[in-house]
């Protein structure tokens, strides 16, 4: 682990493992599950959903995020992501998560529940581009 957690994320990891069981993965056979926790404690689940037209595939992290945002939730404290080997979110997922909560904790674990990394999203996407990067002043 990159840092010593001050919070026990094992329950959130288990939620992500459960979500991974719904993955639709006929091409990669690489299940991914995500459990995104809002600041108020609600959990939004996601799994990867592949498509024969590969660019139409959506990752587990974005599935969970889209579900939450579509219900009006925009502040998140943590996301647990599980894969067979503790893989890391792709760049698109990092960017979409950064849009809403750049300081959320990211927990990477494997399908057995072993946590490989815990760190803030800003460590996964240093110098990220977000809403504050845009010049909002109208001169």
### Query
Can you find even one residue in the range 71-87 that is modelled with pLDDT of 95 or more, in contact with a helix residue (DSSP H, G or I) (Cβ under 9 Å, 6 or more places away or on another chain) and in a helix (DSSP H, G or I)?
no
### Task
Return yes or no: is residue 28 in a loop (DSSP other than H, G, I, E, B) and modelled with pLDDT of 95 or more?
yes
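Here is a yes/no grid of residues against (1) more than 16 Å from the chain's Cα centre (by Cα); (2) at pLDDT below 95; (3) outside any strand (DSSP E or B):
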| residue | (1), (2), (3) |
| --- | --- |
| 97 | no, no, yes |
| 102 | no, no, yes |
| 107 | no, no, no |
| 113 | no, no, yes |
| 118 | no, no, no |
| 128 | no, yes, yes |
| 132 | yes, yes, yes |
| 135 | yes, yes, yes |
| 138 | yes, yes, yes |
### Task
Would you mention how many residues in the range 31-65 are farther than 24 Å from residue 112 by Cα, free of Cβ contacts under 8 Å to residues at least 12 places away in the same chain and not in a loop (DSSP other than H, G, I, E, B)?
2
### Query
Inside the range 55-91, can you point out the residues that are surrounded by 21 or more Cβ atoms within 10 Å (Cβ to Cβ) and more than 11 Å from the chain's Cα centre (by Cα)?
68, 83
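Report yes if some residue within the range 32-39 is loosely packed, with under 14 Cβ neighbours inside 10 Å and at pLDDT 95 or above; otherwise report no. Reasoning before the result, please.
Quick first cut of the range 32-39, residues loosely packed, with under 14 Cβ neighbours inside 10 Å only: 39.
Add one more test, that the residue is at pLDDT 95 or above, and what stays is 39.
Checked against the condition, which is being loosely packed, with under 14 Cβ neighbours inside 10 Å and at pLDDT 95 or above, the range 32-39 yields at least one hit.
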### Among the candidates 23, 52, 16, residue that is farther than 30 Å from residue 133 by Cα and surrounded by fewer than 16 Cβ atoms within 10 Å (Cβ to Cβ)
52
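The values are calculated or read from the model by the stated rules, or taken from the named source; none is laboratory data. Computed from a predicted model, the values in this text were never measured in an experiment. Positions of Cβ are generated from backbone atoms using ideal geometry, with glycine treated the same way; all protein chains shown enter the neighbour counts.
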